[in-house]
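Below you'll find the structure, written out as structure tokens, and then a few comments.
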Amino acid sequence: MKTKDKIVNASIRLFNKFGIMQVSLRQIASEVKISHSNLAYHYRSKNEILHEIYTRMDNEMSDAIFPEGDHSLEHYHKLLKRISDFQKQHKFFYMDLLSIAREYPEVIRRYRNTISKRSEEYDELIRHFITKGLVKAEEENGFYKSLFHSIWVMSTFWLQQRKILGESHNLISSGSDIKHVWEILLPHLTRDGLKEYRSFIDEGIPGTRPIQKMYLSQLN
């Protein structure tokens with residue numbers, strides 16, 4: 001493994017464990033077992049390391065929306081799980097998002113651009129779902145864009161909610177971030193969409209929450 005990759009991987013581990021603001025370059029060098037000057041040869045600051053990490057994060061998720069042209073709800077469910085796992089792997093970014101916004105504004109500018117791109121991809125995905133008869137037609141222009149924003153807010157700050165409320169809190173223990181995304185989407189699925197959802201949801205997410213039961217009962 002190249003030294004730069006070791007530095008990035010070690011930085012992610014330390015950032016996840018202690019938080020980005022509490023980790024120094026010397027700690028990262030020690031984790032990689034190289035000198036501080038050797039680390040500085042590759043990355044002169046945490047800012048440079050964070051930009052490299054974000055580039056890799058963005059690249060990893062850039063092809064996740066339409067893998068091999070799959071536009072099914074089951075694909076979307078798998079995408080949600082992939083996003084959830086991805087956020088846990090890079091939890092420092094989502095836990096420290098406000099601190100990053102204050103200290104590393106250029107990274108946040110890139111993050112805003114990513115969110116704009118993801119919003120456009122989501123619009124395209126919803127259009128495919130509507131065409132396939134899985135999602136109801138948009139009654140008001142911009143509705144699904146607003147819905148994406150609600151999903152983004154909930155999922156982006158889910159890890160922070162878990163930390164603040166605690167794992168045993170009923171709002172956390174009763175459902176995952178993926179379950180909550182589906183609760184936002186369920187009212188907008190057609191009957192065919194609900195049938196497809198039912199075909200994979202029992203295996204995909206153990207346990208059924210009241211809102212899920214209510215909408216699935218429409219198929220009985």
Modelled with pLDDT of 90 or more, farther than 26 Å from LEU216 by Cβ and among the basic types (Lys, Arg): does that describe ARG112? yes
Can you tell me which residue among LEU125, LEU147, LEU134 is in contact with a Gly (Cβ under 7 Å, 6 or more places away or on another chain) and closer than 15 Å to HIS188 by Cα? LEU134
Which numbered condition GLY69 misses (of (1) modelled with pLDDT of 95 or more; (2) at positive phi): (1)
I'd like to know if region 141-154 contains one or more residues that are of a type in the set (Val, Ile, Thr), modelled with pLDDT under 90 and crowded, with 16+ Cβ neighbours inside 10 Å. no
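Here is a yes/no grid of residues against (1) crowded, with 17+ Cβ neighbours inside 10 Å; (2) modelled with pLDDT of 95 or more:
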position: MET1; (1), (2): no, no
position: SER11; (1), (2): yes, yes
position: SER24; (1), (2): no, yes
position: HIS36; (1), (2): no, no
position: ALA40; (1), (2): no, no
Quick one: would you say TYR197 is over 19 Å from ARG82 (Cβ atoms), modelled with pLDDT of 90 or more, aromatic (Phe, Trp, Tyr) and assigned to a helix (DSSP H, G or I)? no
Would you mind telling me which numbered condition in (1) surrounded by 14 or more Cβ atoms within 10 Å (Cβ to Cβ); (2) under 26 Å from LEU50 (Cβ atoms) ILE130 fails? (2)
Within the set of pairs 6+ apart or on separate chains, which have a first residue in region 77-91 that is within 12 Å of ILE178 (Cα to Cα), a second that is among the charged types (D, E, K, R) and buried (at least 17 other Cβ atoms within 10 Å of the Cβ), and C-beta atoms under 7 Å apart? SER84/ASP177
Among the candidates LEU98, LEU73, which residue alone is of a type outside the set (Gly, Ala, Ser) and touching a residue at least 12 places away in the same chain (Cβ under 8 Å)? LEU73
Region 85-94 - residue that is in a helix (DSSP H, G or I) and closer than 17 Å to ASN47 by Cα and, of those, farthest from the chain's Cα centre (by Cα): PHE92
Regarding region 202-209, can at least one residue be identified that is modelled with pLDDT of 80 or more, outside any loop (DSSP other than H, G, I, E, B) and under 22 Å from the mean Cα position of the chain (by Cα)? no
From the list TYR41, TYR76, which one is under 23 Å from ARG13 (Cβ atoms) and part of a helix (DSSP H, G or I)? TYR41
By residue number, the members of region 16-38 that are assigned to a loop (DSSP other than H, G, I, E, B) and closer than 13 Å to THR3 by Cβ are LYS33, ILE34, SER35
If a residue has to be touching a Leu at 6+ places or on another chain (Cβ under 8 Å), in contact (Cβ under 8 Å) with a residue 40 or more places away in the chain and more than 14 Å from HIS51 (Cα to Cα) to count, how many in region 1-24 make the cut? 0
Do you know which residues across region 95-148 are under 18 Å from VAL23 (Cα atoms) and part of a helix (DSSP H, G or I)? MET95, LEU97, LEU98, SER99, ILE100, ALA101, ARG102, GLU103, VAL107
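The values are calculated or read from the model by the stated rules, or taken from the named source; none is laboratory data. Quick caveat, the model's predicted, so the values are computed rather than measured. A quick note on method: Cβ atoms are made from the backbone with ideal geometry, for glycine too, and the neighbour counts reach across all protein chains shown.
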